[in-house]
Amino acid sequence: MAEPAETAYITTPIYYVNDRPHIGHAYTTTLCDIWARSMRAGGRDVFFLTGTDEHGVKVEKSARARGITPLELANENAAEFRKVMDLFELTYDDFIRTTEARHVSQVQTAVRRLLESGDVYLGEFEGWYDEGQEEYHTETKAKELGYASPISGQPLVRATQTNYFFRLSAYQERLERLFGERPDFVRPEARRNEVLGRLRDGLQDVPITRTNFEWGIPFPGDEEHVIYVWIDALMNYATAVGMCEEPDGDRSRYWPADFHVIGKEILWFHAVIWPAVLMALGLPQPGCIYAHSFWISEGQKMSKSLGNFIDLEQLQGYMSTYGTDALRYFMATQGPQGATDSDFSRAQFHETYTTDLVNTVGNCASRTSAMVDKYLGGTCPARSGEGAVGALDWSDFTSGQVREHLDAMDRFELGRAIEAAMRIIRRVDTYINETQPFKLARDPEESGQVAGILYDCLEAIRIASCLLESTMPARIAELRAAWNLGAASGDLEAECGWGRLEPGTVISKVALFPRLELEEQA
Ligand code: MSP
């Protein structure tokens, strides 16, 4: 019997239903989508999870303000998020909603286990209470606020609240050990250092229930309390694959996740609280918490007050002018995957589109297929090897780039992975300029040489296109159709072996990325 395929599990944060979808949501989900597609192309059994975070006081308040129930609000906005993901053709395998019964019941099971193990206990929380806002502040925060409500100006009052607490303090040493043993547990490194810095300040137990509102998962056995929205939300990564069910569901084979991809603002919850909860539940740790940075918009931080979010309408504008693949490529190569923020500017978008996609990928494929059409009647020539010039060994060169690409993808370094593919394309361009097949073609004696050169070009582009397919699925599908390359085989590495392109294959001319003027963008 064949070995079962190696599994791969990647997650996005689950998005708050009280927000409208914007570039940030599209970005994280697109990064995960590229990785998921690439792993599928490599034959792995992939589970790609996204969804919505639907509980909490904010949802309750927004719903009340609109005169609808929290669930009605959640239904409406969860549908909106889903629509966006489908519009972007994001290939998630499941979309989890925290109001679903499968999630609620497993969260309660998990919390019950934590109560039994003593990791959750009933305790008292003393703090500065804002009566108007029904909100507690810590000493530091209250001092910052001048001990008055930032909303009503009324003085904060000293009050105690009874809550269930998670014994986070008990996990200090184990967390330090985890971070020490697994330097790649939190990436990029700057983010890891941030967490380590805060960890050194020491951990305190955290309240994990609330009593001042109702829109949440009832605490098992004490329905006065609802489970704090962050604990509820983090658990989605486990409940979606049935980790808190007895017995574990079929999907438990995916556990633990290879990557929890998040934005940097929610790092603490993912890098400290979540691993501690998993330790308490006796579940294995994820491979990596990957925290990317933020998009800013035309040089400014995106904020509600400035109203400058790159929203769905704008994204649709880019998609209809440049195509979804161009947006994906831009996000993956120019985005804030590292430790610094990136600016989303129209000019930069247009520039990247023109330089990388029109002038490089598109031009190289169209130039090559046009020559094959003109000099070889639109058929792939024999693998003669006659085209080789200088010291360039195409097989060696491409296999090096393929290895680099696969290694980078495995490590979720999307920019480096894409760059390896682009290097192949750029090398083809240089090769054409060096060997000048369009000049050689004037001399019938050189026809063998021309054919050899063009085979190399076609084959190198084919290999690069296999590597670019996870980033630009639609345009590469066009190329596959025009060059009769067939469907992906599920063994990306083998498919990228030099010489797989069959002589005699009909090659049609392609124009993958039309040249556009910047003004055309609405
Ligand atoms: N519901 C929580 C997450 C719970 S996960 C267990 C949440 N939701 S959110 O709707 O606010 O989405 C936050 C995520 O959106 C960020 O972590 C990030 O992935 C993405 N982004 C939001 N704004 C962003 C930018 N400006 N730039 C890039 N991504 C950002 O937090």
Exercise. How long is the chain along each principal axis, judged by its Cα atoms, biggest number first, in Å?
Worked result: 93, 57, 40
For this session: With no solvent and one equal point scatterer placed on each C-alpha of the stretch 210-260, evaluate the Debye formula and give log10 I(q)/I(0) for q = 0.14, 0.21, 0.22 Å⁻¹, two decimals.
Result: -0.46, -0.78, -0.81
Seminar exercise, completed: Relative to the compact-globule estimate 2.2 N^0.38 Å (N residues), the Cα gyration radius of the stretch 344-521 stands at a ratio of 1.02
Problem set entry | Net charge contributed by nearby residues that have their C-beta within less than 11 Å of ASP325 (K/R +1, D/E -1) | -1
For this session: May I ask for the percentage of alpha-carbon pairs in the stretch 1-87 that lie more than 18 Å from each other?
Result: 52 percent
Problem set entry | Gain upon complete extension [GLN154, ASP86; 0.36 nm per residue less C-alpha separation] | 19.8 nm
Problem set entry | Spacing of the two label points (7 Å from each Cα toward its C-beta) at THR69 and GLU419, in nm | 5.3 nm
Exercise. Rounded to the nearest whole Å², what accessible area per residue is found for the chain with the 1.4 Å probe?
Worked result: 43 Å²
Exercise. When the label point is put 7 Å from the Cα of ASP45 along its Cα-to-beta-carbon vector, which residues of the stretch 1-39 have a backbone N closer than 17 Å?
Worked result: 1-10, 39
For this session: Determine how large the accessible area of GLU76 is when every protein chain is in place; take a 1.4 Å probe and give Å² rounded to the nearest 10.
Result: 90 Å²
Problem set entry | Cβ-Cβ FRET estimate between ARG403 and GLU478, R0 fixed at 25 Å, reported to 0.05 | 0.40
Exercise. Excluding GLY123 itself, what net charge comes from residues whose Cβ is under 11 Å from its Cβ, given Lys and Arg +1 and Asp and Glu -1?
Worked result: -2
For this session: Place a +1 charge on the Cβ of each Lys and Arg in the chain and a -1 charge on the Cβ of each Asp and Glu, then give the dipole magnitude about the Cα centre in debye, rounded to the nearest 20.
Result: 620 debye
Problem set entry | Counting all C-alpha pairs of the stretch 220-327, share separated by more than 20 Å (%) | 59 percent
Exercise. Counting only protein heavy atoms, what percent of the accessible surface of the stretch 333-428 is carbon or sulfur at a 1.4 Å probe?
Worked result: 45 percent
Exercise. Using r as the Cβ-Cβ distance of ALA382 and GLU189, and R0 as 41 Å, what FRET efficiency do you calculate, to the nearest 0.05?
Worked result: 0.25
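The values are calculated or read from the model by the stated rules, or taken from the named source; none is laboratory data. Treat the numbers as computed from the prediction; the structure is a model and nothing was measured. Neighbour counts are summed over all protein chains in view; Cβ atoms, including those assigned to glycine, are modelled from backbone coordinates with ideal geometry. Ligands, DNA and RNA are stripped out before the accessible areas are found, and what is left, the full protein with its side chains, is counted by its heavy atoms. Shrake-Rupley method; radii C 1.70, N 1.55, O 1.52, S 1.80 Å.
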